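Data block below; observations after.
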Amino acid sequence: MSPSPDEGQEELRRLVRGFLDDKATPLRPPPPDGRPEAYDPDIWRQLSGGLGLTGLTVPERFGGDGLGPAELCVVLEEMGRTLYPSPFFATVALAGQTLALCGDVTAQERWLPALAAGDLTATLATAEPDRGWDADVRTTAHEQPGGGWSLSGTKSYVVDGHTADLLLVTAGCADGVGVFAVPGDAAGLTRTVLDALDPTRPLARIRLDATPATRIGTGDAADRLAAVRNQVRAALAAEQVGGAAACLDMAVAHARTREQFGRPIGSFQAVKHKCAQLLVEVECARSAARFAGSAVGTPGTEAAIAAGVARAYCSEAFTHAAKENIQIHGGIGFTWEHPAHLYLRRAKSSELLFGTPREERARLARLTAAGGTRP
């Protein structure tokens, strides 16, 4: 297992970067209601149908390419570099990995082909109000006499939860924690967009009131969800690396061209030190994220530790890079005319998504002390 990308992964990176450089544009200023347009459906169709990225990790028998988490991390690093707003992270990294690891062939045959083709957007709903992502589940599932299930409860911070065609919801049942599929138009389902810091990644609150659902898999899904969370941690870390690298590139480019006292500000020692420190942090973050991406494809303690370390370090590296980028740009970094502030918004939002770095380190301490693999 090597964290160094192979030739195929580098070709994938060049392909995705070229596409995003051509198609992805900086977010426009928000309209009067304060919410910018979520994503361009035409670009989504090109990304899914033309490039086939939505089927990247879907097994070949379900219409995908059958690649692994390392390739997914390559794509997400490039998407993080451009802050590309789309349901890709929710659909592929959250819901796609959950379906791939659920062990339910019937569910996979039903939803993975449409997901691979880009015809289905999906997400995973696990966090609950005041409970976090790894806490005990309060949402309840009840088996119906005539077959099927119904869910009741509330889920918060659901990525793209307001537009997803399919929601995979965790809920407690008699035999432990289960994962349930809920169509976006199901009865008793209420979806509300939250006022979030990052306009490029919408979050939603999901309320379920005796909402009909289909169970995915059998038995307690805690171990399967732990494996999903490890892959999600690695995927998010890769995206954070892309954002941090973009901040470094922007800061260096500005330092080379912005002049004060008749010379580029990049010639001043204080600015040099900032850029040099950012370079070290970005390269360390990239190493951690790439190792995690190569490790989470196999079960075991090493995968859980690698994903947790990458998640904690990359979160802080991205936030620091985004802050320093704004410092080097000065006042323009806070305006809608420049994208620097958007990277800080994404950095802070991602830092809190699925748990803070401090919570991640506490989880790692428990994990290494116990010698187990579950968060």
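Listed values, structure above:
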| quantity | calculated |
| --- | --- |
| Extreme residue, positive dipole direction of the chain, given options Leu101, Val16, Leu248 (C-beta unit charges) | Leu248 |
| Rounded, prolate or oblate (a/c below 1.5 giving rounded, otherwise prolate when a/b exceeds b/c) for the stretch 157-306 by Cα gyration tensor | oblate |
| Pairs of lysines in the chain (C-alpha under 28 Å apart; 8 or more residues apart or interchain) | 8 |
| Calculated FRET value between Ile332 and Ala270, using beta carbons and R₀ = 22 Å, to 0.05 | 0.75 |
| Accessible area in square angstrom per residue, the stretch 263-375, 1.4 angstrom probe | 46 |
| Fraction of accessible area attributable to carbon and sulfur, the chain (%, probe 1.4 Å) | 52 |
| Dipole axis of the stretch 199-302 (+1 Lys, Arg; -1 Asp, Glu on Cβ), positive-most option in Val228, Pro202, Gln269 | Gln269 |
| Exposure rank, largest accessible area first [Lys323, Lys23; 1.4 Å] | Lys323, Lys23 |
| Hypothetical label at Arg131: residues of the stretch 165-188 whose amide nitrogen lies under 12 Å (7 Å Cα-Cβ projection) | 170-173, 177-178 |
| Relative contact order of the chain, defined on C-alpha pairs under 8 angstrom at six or more residues apart (%) | 16 |
| Where only C-alpha atoms are counted, convex hull volume of the stretch 199-240 per residue in Å³ | 117 |
| Sum of side-chain charges, Ala174 neighbourhood, beta-carbon under 12 Å (Lys, Arg +1; Asp, Glu -1) | -2 |
| Ranked order, Met250, Met79 - accessible area, probe 1.4 Å, largest first | Met250, Met79 |
| If the convex hull is drawn through the Cα atoms of the stretch 98-161, its volume per residue in Å³ | 119 |
| Label-to-label distance, nm, for residues given as Leu194 and Glu143 (7 Å Cα→Cβ offset) | 3.3 |
| Mean projected area in nm² (Cα convex hull; one quarter of hull surface) for the chain | 19.2 |
| Burial order of peptide ranges 166-176, 265-275 (average beta-carbon count within 10 Å, highest first) | 166-176, 265-275 |
| The chain, dipole about Cα centre (Lys/Arg Cβ +1, Asp/Glu Cβ -1), debye to the nearest 20 | 980 |
| Helical mean residue ellipticity (222 nm; -39500 (n - 2.57) per DSSP H run of 4+; nearest 500) of the chain | -15500 deg cm²/dmol |
| Over the stretch 127-245, relative contact order from alpha-carbon pairs under 8 Å, at least 6 apart, % | 26 |
| Charge dipole magnitude, Cβ of K and R +1, D and E -1 - the stretch 53-152, Cα centre, debye nearest 20 | 140 |
| Inter-centroid distance (Cα atoms) of the stretch 144-200 relative to the stretch 301-354, Å | 28 |
| Around Phe62: net Lys/Arg minus Asp/Glu count, Cβ-Cβ under 14 Å | -3 |
| Summed residue charge, Cβ within 11 Å of Ala95's Cβ, Lys/Arg positive, Asp/Glu negative | -2 |
| Extension gain, Glu7 back to Asp223 (0.36 nm per residue minus Cα-Cα distance, nm) | 74.4 nm |
| Nearest-10 value in Å² for the accessible area of Asp104, using the 1.4 Å probe | 30 |
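The values are calculated or read from the model by the stated rules, or taken from the named source; none is laboratory data. Just so you know, these numbers come straight off a predicted model, no measurement behind them. Ideal geometry is used to build each Cβ from the backbone, glycine not excepted, and the neighbour counts take in all protein chains shown. The protein model used for the area step is the full one, side chains on, heavy atoms only, and it has no ligands, DNA or RNA in it. Shrake-Rupley method; radii C 1.70, N 1.55, O 1.52, S 1.80 Å.
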